[in-house]
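Structure first, commentary second.
The values are calculated or read from the model by the stated rules, or taken from the named source; none is laboratory data. Since the model is a prediction, treat every value here as computed from it, not as a measurement. No Cβ is skipped: glycine too gets one built from the backbone with ideal geometry, and neighbour counts run over all protein chains shown. SASA here: full protein model, heavy atoms, side chains in, ligands and nucleic acids out. Shrake-Rupley method; radii C 1.70, N 1.55, O 1.52, S 1.80 Å.
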Amino acid sequence: MAQSDDDTVRYDGSAGGWGSVKGMTKVLLRERSSPGTLDTLARQNKAGGYMCNSCAWGKPAEPHTFEFCENGAKATIWDLTRDRCSPDFFKQHSVTELRGWEDYDLEMQGRLTAPMRYDAATDRYVECSWADAFQGIAAELKQLDPKSVIFYASGKASLETSYLYALLARAYGNNNLPDSSNMCHETTSVALKESIGSPVGTCKLDDFEHCDAMLYFGQNPGTNSPRFLHPLQDAVKRGCKIIVFNPVRETGLLRFVDPQNPLQMATQKPTDLAHMYLQVRPGGDIAAIMGLAKHVLAVDAKRAAAGEPSVLDHGFIDQHTTGFDDFKARVEATGWDEIEHHSGLKRADLEAAADVYVAAEKTIAVYGMGLTQHVHGSQNIQTLVNLMLMRGNIGRQGAGMSPVRGHSNVQGQRTVGISEKPELVPLDKIAEQFGFEPPRDEGHTTVTACEGLKDGSVRAFINLGGNFVRAIPDHGIIEPLWQQQALTVYIATKLNRSHLVHGKASYLLPCLARPEEDIQASGPQSVSIEDSFSHIHGSWGKRTPASDKLLSETAIVAGIAEALLPPNPKLRWRDWTGNYALIRDAIAETYAEQFHDFNERMWEPGGFYRGNKARERIWLTESGKAEFKTPTTLSALGVGEAEGRITLITMRSNDQFNTTIYGHDDRLRGLEGSRMILLINPREMARRNLRAGEMVSLVGDAGDDTHREVRGLKVTPFDLPDGCVGGYYPETNPLVPLWYHDKASKTPASKGVPVRIVSEGGS
Ligand SMILES: Nc1nc2c(c(=O)[nH]1)N[C@H]1C(S)=C(S)[C@@H](COP(=O)(O)OP(=O)(O)OC[C@H]3O[C@@H](n4cnc5c(=O)[nH]c(N)nc54)[C@H](O)[C@@H]3O)O[C@H]1N2
Ligand SMILES: Nc1nc2c(c(=O)[nH]1)N[C@H]1C(S)=C(S)[C@@H](COP(=O)(O)OP(=O)(O)OC[C@H]3O[C@@H](n4cnc5c(=O)[nH]c(N)nc54)[C@H](O)[C@@H]3O)O[C@H]1N2
Ligand SMILES: [Mo]
């Protein structure tokens, strides 16, 4: 930790370097990881090896000696702990008692070891057989209206499991297949699809070897995708310029010391990453991008007057796009004063950034939750697409849109059918392939599923991983409603809070983790996942399972399906469980163009590419062209300014994976020891008469009549723009209203939450 000149807390070190080695070692020692963990790490993310269970960053065909990062290692070590949360543990602790524990302490109990059902008489989870679990779940589900049951997935389970899970929901009778993506990159799936006809990014990993500039919005690679730091460093060394738009000065975008480079480790002299770092106000990106576009047009006009070549790609715009004239008119009509006001950035800085964009022949736009988690998140993304289209920066090497996905297989789950949107799934093909009529009506998203809990129409929740109740907005309101359900089923590796606020009947079904060996009737099984760049990789688990009572996620899904559904010779649950290659054959039949020869191709180094039409400039949009979408607002926030109101960004620390908290530090931001903090700049502190160390509450200020509050936050001076504060997810989730989400995709607006600060007195 360091105190800067203006007394804000910050980190003076670099991303990577010895800090990352220490961070990893700390978890390695504390987690008492089992012998062989280091072997597993050595195989991580390499062809024929094990694909990390952490983030979805690409896996290069020519990997580094160690193709894992501090946080990927933490995730693997976390899975391979020697600690066990066995049925004995539940004999000692009632569920009501455990509900009083901290989330951190729950997961620290270690791996779940045996299937359990909730016993109301003793208020305990008690061990049961797998057969009893499957029969019990099926009996409950048969009594319910299929439309009242949700099949949620957190984006980790393999393509094989996910495909079966989606079939299970549809054969049972619904499209209620929301996924963690509904809180994450659903904005991308909707906005990119509308604009360029692709729900996923258009880049491949090797595009980063060819780009001249990156426009880098709201994504934090140092913590959330640290293996990205290598391509970023290589790009900068080649002369590529990275322009960052982020309210927080994230260390991972400023300085990197490559832990695999002995010389750099010895000298600890970092590579400076960002060429310009623009601390945009939260929700100010549309305005910032309009500013960039405005300067591009101004430069173009100047060049035209001087008889010089245009900086716009007119050939591309004419042949491949619609809507340019409208967008251009809006940009020209937008004043610099509005742009500066909403973005919080200076005209001169935006012009300098646009000059870099104009000078670059090839540009990649990178983004994450800073763009997707806003009320006008779709417009954030679509305005960025517009800027890229102006210079033909989509559909050629070294250029394109690069959303950085979260969970390790979240994109893949959508690819193979986990989707509440029937139009995204080849339902006719499924009907033909499996001889049942899949439902055609729209299923529930995460947000509408919560609304269903509120109005009582949702009666049961099957959870393929995740910690739904902690991850969602308004969790203080949803938690009690969750408990009124007839049934909750949790397929999980470790205990978490969602398991303890169960429905009337509840089952806790422990599964193998991805690094573990999965032996079925035909022998050891491999699985597959899709990374952020639409490449599919095989993954072998080799480690001895945490308990001999664990089943694979695939076997659990098939077990429920077999007990629940009427016999259908085409739904070969038992054969599929016995041999996952047969599931891959079924996937290859449903998605022939993308997954042909799946079983062979999945072992290609670097994975196989399933293709993306937008990359070939074939636009699967309504107009058949790439569409410029004129934004209707300059602010991505859902409410305007008001006296006392301030915007909260909910953040991830370097010591967490979503709701899993590894520790209470946030090394790369220089923060230590507590997650109950409120980050705020000294100017805002002075304006609001706040002292460093003082305890405050945050109170929701979204303008509805629901009271939302989080107490006990310690005021911590931090370098942020005016008008905003930072707090951690999931602790501050009770402040995010359920209805406060992206207009088009319903992704909760977790980066632009309106709140007020209330002093608690004392410090
Ligand atoms: N170690 C670790 N790795 C992870 C995860 C984890 O929790 N821990 N989570 C995984 C998952 S599921 C996901 S989705 C990804 C998430 O990875 P990211 O997309 O990086 O998500 P966040 O860290 O939530 O926020 C990203 C950045 O947005 C910035 N930001 C906030 N508001 C704005 C804004 O209005 N505009 C701009 N331009 N920037 C803004 C924040 O300061 C932050 O640096 O990471 C994945 N990887
Ligand atoms: N305020 C706010 N809210 C947010 C966000 C934010 O930035 N701000 N981010 C959102 C985002 S991007 C996401 S993706 C969601 C995350 O929401 P979820 O995906 O639902 O949550 P996780 O915390 O990733 O789930 C952790 C649990 O998954 C289980 N688990 C871990 N590994 C495995 C496995 O291999 N198999 C199975 N079956 N289970 C496993 C463990 O029991 C663990 O406790 O949260 C969202 N919520
Ligand atoms: Mo995510």
Gyration tensor (alpha-carbon) shape descriptor, segment 225-299, a/c threshold 1.5: prolate
Answer with one residue from His341, Pro737, Tyr609: the one whose Cα lies farthest towards the positive end of the charge dipole of the chain, charges on Cβ with Lys, Arg +1 and Asp, Glu -1. Tyr609
Report, by chain and number, residues whose modeled amide H sits under 5 Å from the one on Gln656, excluding near sequence neighbours (fewer than 5 apart, same chain). Tyr662
Helix-only [θ]222 nm of the chain, DSSP H runs n ≥ 4, -39500 (n - 2.57) each, per residue, nearest 500: -9500 deg cm²/dmol
Give the long-range amide H neighbours of Lys629: residues separated by 5 or more places, or on another chain, with amide H under 5 Å away, using H modelled in the peptide plane at 1.01 Å from N. Asn386
List the pairs from Lys91/Lys504; Lys294/Lys625; Lys421/Lys504; Lys241/Lys346; Lys429/Lys629; Lys542/Lys613 whose alpha-carbon separation is above 25 Å, in the order I gave them. Lys421/Lys504; Lys429/Lys629; Lys542/Lys613
Coil-residue GluC sites (Glu not before Pro) of segment 62-104, DSSP, other Cβ within 10 Å capped at 13: Glu102
Take each uninterrupted DSSP H stretch in the chain, measure its Cα extent along the helix axis, and return the ones at 24 Å or beyond whose mean Kyte-Doolittle hydropathy is at least -0.5. 285-305
At 0.36 nm per residue, and after removing the present C-alpha to C-alpha distance, how many nm does the segment from Trp130 to Thr544 gain when stretched out fully? 147.0 nm
Between His707 and Thr633, take the C-beta separation as r, use R0 = 30 Å, and let me know the FRET efficiency to the nearest 0.05. 0.60
The relative contact order of segment 285-372, taking Cα pairs under 8 Å that sit 6 or more residues apart, comes to a percentage of 47 percent
Ordered by residue, what ³J(HN,Hα) values in Hz, to whole numbers, does segment 44-56 give under the Karplus form 6.51 cos²θ - 1.76 cosθ + 1.60, where θ = phi - 60° and Gly and Pro are x? 5, 6, 10, 3, x, x, 10, 8, 3, 8, 8, 9, 9
For Arg84, residues with placed amide H under 5 Å, excluding near neighbours: Arg111
Karplus couplings for segment 713-720 from phi (6.51 cos²θ - 1.76 cosθ + 1.60, θ = phi - 60°), rounded to Hz, Gly and Pro as x? 9, 8, 5, 10, x, 8, 6, 9
In terms of the alpha carbon gyration tensor, root eigenvalues a ≥ b ≥ c, rounded if a/c is under 1.5 and otherwise prolate when a/b exceeds b/c or oblate, segment 646-759 is oblate
Tell me the GluC sites (Glu not before Pro) within segment 318-418 that lie in a loop according to DSSP and have at most 15 other beta-carbon atoms within 10 Å. Glu361
Lys/Arg Cβ at +1, Asp/Glu Cβ at -1, dipole of the chain taken about the Cα centre: which of Tyr163, Gly412, Ser225 is farthest positive-ward? Ser225
Would you please classify the overall shape of segment 6-158 from the alpha carbon gyration tensor, given that a ≥ b ≥ c denote the square roots of the eigenvalues, rounded means a/c under 1.5, and beyond that prolate means a/b larger than b/c while oblate covers the rest? prolate
Could you give the dipole magnitude of segment 565-620 about its Cα centre, charging the beta-carbon of Lys and Arg +1 and that of Asp and Glu -1, in debye to the nearest 20? 220 debye
Would you please name the trypsin sites (Lys or Arg not before Pro) within segment 432-513 that are DSSP coil residues with at most 16 other C-beta atoms within 10 Å of their C-beta? Arg440, Lys504
Considering only DSSP beta bridges with both partners in segment 646-759, what is the antiparallel share in %, to the nearest 5? 65 percent
Apportionment of accessible area to carbon and sulfur, the chain, percent (1.4 Å): 50 percent
